[in-house]
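None of the figures in this text is laboratory data; all of them are computed from the coordinates on show. As the structure is a prediction and not an experimental result, all values here were calculated from the model. Note that each Cβ is placed from the backbone with ideal geometry, even for glycine, and that neighbours are counted across all protein chains shown.
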Amino acid sequence: MTNEKVILAYSGGLDTSVCIRYIQLVYKFDVISLTVDCGQNEDFNAIEEKALAIGSIKHIFVDAKEEFANNYIIPSIKSNGLYEEKYPLATALARPLIASKMVEEAHNHRAIAVAHGCTGKGNDQIRFDVTIRALDPNLKIISPIRDMNLTRDVELQFAQEQNIPISLEAKKYSVDLNIWGRAIEGGNIEDTYSEPPADAFQFVKFDNDSSGYLELEFENGIPVAADGQRMNIISLVSYVNDKAGSSGIGVVDHIEDRVVGIKSREVYEAPAAVAIIEAHKDLEKMVLTTHELRFKRVVDEQWSWLVYSGLWKEPLRSDLDKFIDATQKKVSGKVKLKMQRGSLRIVGRESRHSLYRDQLATYTARSIFDQSSAKGFVELWGLQSTVANMIDKVNRSQDIEDGGATAR
Ligand code: ARG
């Protein structure tokens, strides 16, 4: 009798490598490993060899870069996707895509379960499980690290006993990587006061003093050209990762609220995400009305929260996407960024949808703005505040009089 099969999402890192062996030994299932390329630019042959050497009976590789860029990164750019105003959601965006491939392959291979290497302490377990259930509520989900409450130290020990090779980096940090960013957790980063060492970073360089410009062109909210060259979204993101990263742009270091209630110190490098979202936000300010902008900020924040918290398949997300898409019809134009030694500044923007009117804004004689019309407006604008302060003052002096009366 052959064993039942499980599709395991496999990255080649510590957690997923020990999972292959645990699933065989503890759960007694056959493992089919699945690696999904979301632009992590790794040696996928080596990853496959490693999976097979540990004991996977078959390895599947899926190139999902295009899908990731078009269906996940682009909507996130349009939504200025940043969790807690900082984290560009790289890992959060890739998880539902990987989950959808797991389910697809489980069906293709008649597997009874899907498995992932998430711990029970993070957000990734939520993103995987919720998406998998949304796609097929009957698939069993196996999560060895969470099920057995394993720590990284125990995993390292097990890997050593089982002759499972573990990279030097994996011994130091827990890393997750795709084209939209790289997350670095664990190791000395768990000390909230210690600065992450330069060698923790892969894209961001800290030794470049020269300053440079980057011009990004958007059409309907989507970046379509960089430095005057039209590129597809994947090439553009890689180009900006290299260029902004070499100017030291893109490090995010913050205290993050995980869905499970833990506050964690998170370090990311995401040069393209940081630069593109900054530019996109700036262009929106030029072409959207103040009313659209105020409302969109709330929508963007909600969108980021849904994605962060694993609710990619929640209908509200696609409802919000419809509003966001509607606003993006005007977000076309160019933004000029200046980058130097880790600082990024927008120094220019232009758009044919621009609501900026020189004749209204100028302080020179070109002005067509009639200042006399401001007077009445300002009076009415502050009317309720004026009344409220007046009433407050009257009541306070009344209270003092009354207080004085009682004292006598
Ligand atoms: N805190 C981030 C998130 O929730 C990054 C998770 C990174 N995962 C990892 N295995 N290191 O999206």
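Rounded to the nearest 500, the 222 nm mean residue ellipticity of the chain from helices alone is -13500 deg cm²/dmol, with -39,500 (n - 2.57) taken per DSSP H run of at least 4 residues.
Shape analysis of segment 313-394 places it in the oblate category; the axes a ≥ b ≥ c from the Cα gyration tensor give an a/c of at least 1.5, with a/b not above b/c.
Could you work out the local net charge near GLU161, counting Lys and Arg as +1, Asp and Glu as -1, over the other residues with Cβ closer than 14 Å to its Cβ?
Working: positive: ARG21; negative: ASP153, GLU155.
Counting the neighbours of GLU161, the net charge comes to -1.
In terms of the mean number of neighbouring beta-carbon atoms within 10 Å, the peptides 330-340, 152-162, 244-254, 55-65 order highest first as 244-254, 330-340, 55-65, 152-162. Residue exposure proxy: TRP180, TRP312, TRP381, TRP305, ordered by other Cβ atoms within 10 angstrom of their Cβ from fewest to most, comes out as TRP381, TRP305, TRP312, TRP180. A simple count of charges around ASP37, restricted to other residues whose Cβ falls under 13 Å of its Cβ and scoring Lys, Arg +1 and Asp, Glu -1, yields -4.
Ordered by the number of other Cβ atoms lying within 10 Å of each residue's own Cβ, fewest first, TYR173, TYR213 fall into the sequence TYR213, TYR173.
If you add up the charges near ALA111, with Lys and Arg at +1 and Asp and Glu at -1, over every other residue whose beta carbon is less than 12 angstrom from its beta carbon, what do you get? Mind dumping the intermediate values first?
Details: positive: LYS5, LYS58, ARG110, LYS140; negative: GLU4, ASP30, GLU104, GLU105, ASP136.
My count for the surroundings of ALA111 gives -1.
For the chain, complete DSSP H runs whose alpha carbons reach 18 Å or more along their own long axis and whose mean Kyte-Doolittle score is -1.0 or higher are 90-108, 233-246, 271-287, 290-308, 315-328, 383-407.
Label segment 230-290 by shape, choosing from rounded, prolate and oblate, from the square roots a ≥ b ≥ c of the eigenvalues of the Cα gyration tensor; if a/c is under 1.5 it is rounded, and otherwise prolate applies when a/b is larger than b/c, oblate when it is not. Please report the intermediate quantities before stating the final value.
Details: a/c = 2.38, a/b = 1.34, b/c = 1.78.
Judged from the Cα gyration tensor, segment 230-290 comes out oblate (a/c at least 1.5, b/c at or above a/b).
Taking the DSSP bridge list for segment 1-103 and keeping only pairs wholly inside it, about 10 percent are antiparallel. Rounded, prolate or oblate: pick one for the chain, where a ≥ b ≥ c are the square roots of the eigenvalues of its C-alpha gyration tensor, a/c under 1.5 means rounded, and failing that, prolate if a/b is larger than b/c, else oblate. Taking the square roots of the gyration eigenvalues as a ≥ b ≥ c, the chain is prolate. Sorting THR35, THR151 by the number of Cβ atoms found within 10 Å of their own Cβ, with the fewest placed first, yields THR151, THR35.
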